[in-house]
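Please read through the structure below; I'll follow up with questions.
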Amino acid sequence: MGYGMSRMEEEYSEHEDQNNGGSNSQVNNEFLNTHNDIFHMTQIRSGPSESLRKSIGTSKDVISTTRLLSGREINSSGNGKFSSVDRAFLLGRYLPVDGPEIVDRMDSRAYVSQFSADGSLFVAGFQGSHIRIYDVDKGWKVHRDIHARSLRWTISDASLSPDQQFLVYSSLAPIIHIVNVGTAAKQSYANITDIHDGLDFSQHEDVRYTFGIFSVKFSSDGRELVAGSNDDSIYVYDLVANKLTLRLPAHHSDVNTVAFADETGHLIYSGSDDNLCKVWDRRCLSTEEPAGVLTGHLHGITHIDSRGDGRCFISNGKDQAIKMWDIRKMTSNADSYEDRTSNWDYRYSRYPQQYKQLKHPHDQSIATYRGHSVLRTLIRCYFSPAYSTGQKYIYTGSYDSSVCIYDVVSGSQVAKLKGYHQLAIRDCSWHPFDPMLVSSSWDGRVAKWSRSSCQQEETSDLD
């Protein structure tokens, strides 16, 4: 299950060294020995480029901003500006750790955070039936104030269409609502000032009962939705045909998270409370079997984020760990093992100390990142933006009211944003172009973290 049913949580007070078991990260020994090419490509994409190294006469990765600017002046990239690799190398130094500044404060828990693809809009969803869309380029003014319809428990997820014209939101019900957010009206009351069309995911020949939806995502072309539910299934809805086109009985427990692997939409990743990540190829689903299974988590998966290349993704788990996966390592079936932690429930107690050193005997992940806390709610993790960092970082919310940032290659925790929020941070979002991160917390606050003003001056003109 992905929702807490107990009283409002007290401030998390477990000591950090107890929480992470004395280590911020554990990098798979296989990576240390063989250097998986995903890590190699991350190093290449986050710079510096070979042309820049040669132009300024160094082979070192530690290059001052002054020397980087000198390389641009002598046109080391050959096109009069920074290459994408060198831009990511420079911007990736400036982590959004300053602040924060308050964006908004509501009287209910914040569950969802999301920047639009171009960074001009920001979506925040709250348990109290509210979704707010902020205009980032106009001083974070409320662009749209949406009053959701027919919620059960909370807004479990929300997703903005690629063209930013529509928003879908889900709750613990089989209906996903879609709203036209491209109109001029600021207020959107369901079926009073605006139409919130209900997309019924229970209209399938195999469905005879109600269920809730934990995760929903638009396809890259905006024509389809993929959703994960607590009836152990994955659903695909065709928005053009306005009908449900696929239901997969995908797991043996709640499907907490789903994601398209890349822009083609052929592959879907799913994560479940059965502790498994699965890969589904829509081109060959006649047997309703996954293309592959990835084992390694000791407890349920709370979130998945794809790197967008159709090969690599990360997952957050209730075993207090983020894992990175290369789908070329997947197998056709999950290897069985004796689960010694099945009696623990993340909704009601902290992670037992004796479990923190346990490792799945058939772990197929290529790296594991620890130092954050996953309790009470489906806490989310992401790759940092390709444009400004070359996806060299992973970041996640945490039950201890912080945001943790890890280096993909070294596994080290490079920053921890803390000291402002008072309750769990379920979701957070890094601006696609600027060193800016927004955290949304169960304390009702939405806060913006950024780089300092002196750093802004150093990186204000990178093209």
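The values are calculated or read from the model by the stated rules, or taken from the named source; none is laboratory data. If you're wondering where the values come from, they're calculated on a predicted model, not measured in any experiment. So basically every Cβ, Gly included, is an ideal-geometry build from the backbone, and we count neighbours across all protein chains shown. Heavy atoms of the whole protein, side chains included, go into the accessibility calculation; ligands, DNA and RNA do not. Shrake-Rupley method; radii C 1.70, N 1.55, O 1.52, S 1.80 Å.
What is the spin-label model distance, in nm, from I195 to D281 if the labels are put 7 Å beyond Cα along the C-beta direction?
The modelled label-to-label distance comes out at 4.0 nm.
Sorted by accessible area with a 1.4 angstrom probe, largest first, how do V142, V258 fall?
The ordering from most to least exposed comes out as V142, V258.
Same structure again: What is the spread of the Cα atoms of segment 214-258 along each of their three principal axes, largest first, in whole Å?
Principal extents (largest minus smallest coordinate, Cα): 30, 16, 11 Å.
Using a Förster radius of 30 Å, what is the FRET efficiency between K186 and Q422 based on their Cβ-Cβ separation? Nearest 0.05, please.
The pair K186/Q422 has a calculated efficiency of 0.55.
Okay, next question. Under the rule of at least 5 residues apart or a separate chain, name every residue whose amide H is placed under 5 Å from the amide H of R376.
Result for R376 returns R347.
Give me the distance between the Cα centres of segment 120-175 and segment 366-415, rounded to whole Å.
24
Would any residue of segment 240-275 have its amide N under 13 Å from a label point 7 Å out along Cα→Cβ of Q203? List them or say none.
Flagged as within label range: 240-246.
Okay, which of segment 241-262 sit inside 11 Å, backbone N to the point 7 Å along the Cα-Cβ direction of R152?
It comes to no residues whatsoever.
Can you tell me which of 323-331, 370-378, 89-97, 349-357 comes out highest on packing, and rank the rest after it, using the mean Cβ neighbours within 10 Å?
For the peptides 323-331, 370-378, 89-97, 349-357, the packing ranking is 370-378, 89-97, 323-331, 349-357.
A further question follows. Grab the other residues whose beta carbon is less than 10 angstrom from that of I102, score K and R as +1, D and E as -1, and report the net.
+1
So how far apart, in nm, are the two label points at T210 and V240 if each is 7 Å from Cα heading toward Cβ?
Here the modelled spin labels are 3.4 nm apart.
At 7 Å along the Cα-to-beta-carbon direction for both S84 and R105, put a label point, then send me their distance in nm to one decimal.
Calculated label separation equals 4.2 nm.
Can you give the FRET efficiency for D135 and S332, using 1/(1 + (r/R0)^6), R0 = 56 Å, r = Cβ-Cβ distance, to the nearest 0.05?
0.70
Compute the normalised compactness of segment 181-300: alpha-carbon radius of gyration over 2.2 N^0.38 Å, N being the residue count.
1.15
Using 0.36 nm times the number of residues separating D37 and S220, minus their current alpha carbon distance, what extension gain do you get?
Roughly 63.3 nm would be gained on extension.
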